[in-house]
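The values are calculated or read from the model by the stated rules, or taken from the named source; none is laboratory data. Note that the coordinates shown come from a computational prediction; the quantities given were computed from them, not determined experimentally. Every residue, glycine among them, receives a Cβ derived from its backbone with ideal geometry; neighbour counts consider all protein chains shown. Side chains are part of the model used for accessible areas, which takes the heavy atoms of the whole protein and leaves out ligands, DNA and RNA. Shrake-Rupley method; radii C 1.70, N 1.55, O 1.52, S 1.80 Å.
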Amino acid sequence: MTDQLTPIDRAKYVAAHCAADFVQDGMRVGLGTGSTAAWMVRRLGARIKQEGLRIIAVPTSTRTAQLARDVGINVVSLDEARWLDLTIDGADEFDAELTLIKGGGGALLQEKIVATASDQMIVITDAAKEVKTLGAFPLPVEVIPFGWRATKALVEEVLASMDVMGQQSSLRVNGDKPFITDEGNYILDLDLGRIGNARQLALVLNQVPGVVENGLFVDIADQVVIGHADGTCEMRDLSSGTPETSLRQIDLEDARNIFSDL
């Protein structure tokens, strides 16, 4: 199994495996969306079968919910859980302050709600997602379908006064139709190139009529777990205010057991 994985896939597996081990018996856990989060969900399913781990989980998308149920995780709504001990989710980009760009998978609204309803958020990623300055990855902005073209024009007008390199936006599509989020909304992807002030941009974008939420996660993530293709897991903790880094080695052969059904 592991010899069929690409280096990026191995790195994602390592990050997911390492972060899933933070989950303790009895926890209420937010489950992210995306390729790295899917590895984490399967790892938790394996722990439930092998260790008898007991958790309840709140997924951030319908596809994560289905995967969680498939691997034996007890899935509930956020209203049922009320508050979470921990959320584990991926990122499309992150910087040294753990400011994130998320939403490449289209689940940014539920992801942000679940993450902010948690005592702690752990980001799982590979090293390629770390950047000095955010913005190379297009910034997703969720908008309501009604009047989306007017919203798009207003967003681009706002960008003219922001500290960004580009000001273009495009409607995300699925084939020849608009991509639809789980909430029935559209997504605008902003091609910014560089984001000079993520906090300011996040606040201003959410003031535009028609904008539901944006993919900038500011002061939400506490830790990042970075996987490497050689099995090294790098953990950085910013929760204490002073970055702390630790390393761990993950046995890549464990992937054979967890994903033997794929």
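Quick look at the numbers
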{"item": "Restricting segment 120-167 to residues that are aromatic (F, W, Y) and buried (at least 17 other Cβ atoms within 10 Å of the Cβ), the residue that is farthest from the chain's Cα centre (by Cα)", "result": "W148"}
{"item": "Selection from segment 93-134 of residues that are under 24 Å from N174 (Cα atoms) and assigned to a loop (DSSP other than H, G, I, E, B)", "result": "K102, G103, G104, G105, G106, A107"}
{"item": "Restricting segment 42-67 to residues that are within 19 Å of K112 (Cβ to Cβ) and free of Cβ contacts under 8 Å to residues at least 60 places away in the same chain, the residue that is most open to solvent (accessible area, probe 1.4 Å)", "result": "R63"}
{"item": "Positions within segment 194-237 being among the aromatic types (F, W, Y) and at positive phi, in sequence order", "result": "none"}
{"item": "Options R54, R63: the member that is under 17 Å from A107 (Cα atoms) and of a type in the set (K, R)", "result": "R63"}
{"item": "Lone unmet requirement of (1) touching a residue at least 40 places away in the same chain (Cβ under 8 Å); (2) buried (at least 20 other Cβ atoms within 10 Å of the Cβ) for A117", "result": "(2)"}
{"item": "Single residue of segment 182-210 satisfying the filter (β-branched (V, I, T) and surrounded by fewer than 21 Cβ atoms within 10 Å (Cβ to Cβ)) that is farthest from the chain's Cα centre (by Cα)", "result": "V208"}
{"item": "Single residue of segment 3-34 satisfying the filter (open to solvent by 20 Å² or more (accessible area, probe 1.4 Å) and part of a helix (DSSP H, G or I)) that is farthest from L109 (Cα to Cα)", "result": "D3"}
{"item": "Filtered residue count, segment 68-97, keeping only those that are open to solvent by 70 Å² or more (accessible area, probe 1.4 Å) and within 17 Å of R42 (Cβ to Cβ)", "result": "3"}
{"item": "Residue within segment 82-90 that is in contact with a strand residue (DSSP E or B) (Cβ under 9 Å, 6 or more places away or on another chain) and of a type in the set (G, A, S) present", "result": "yes"}
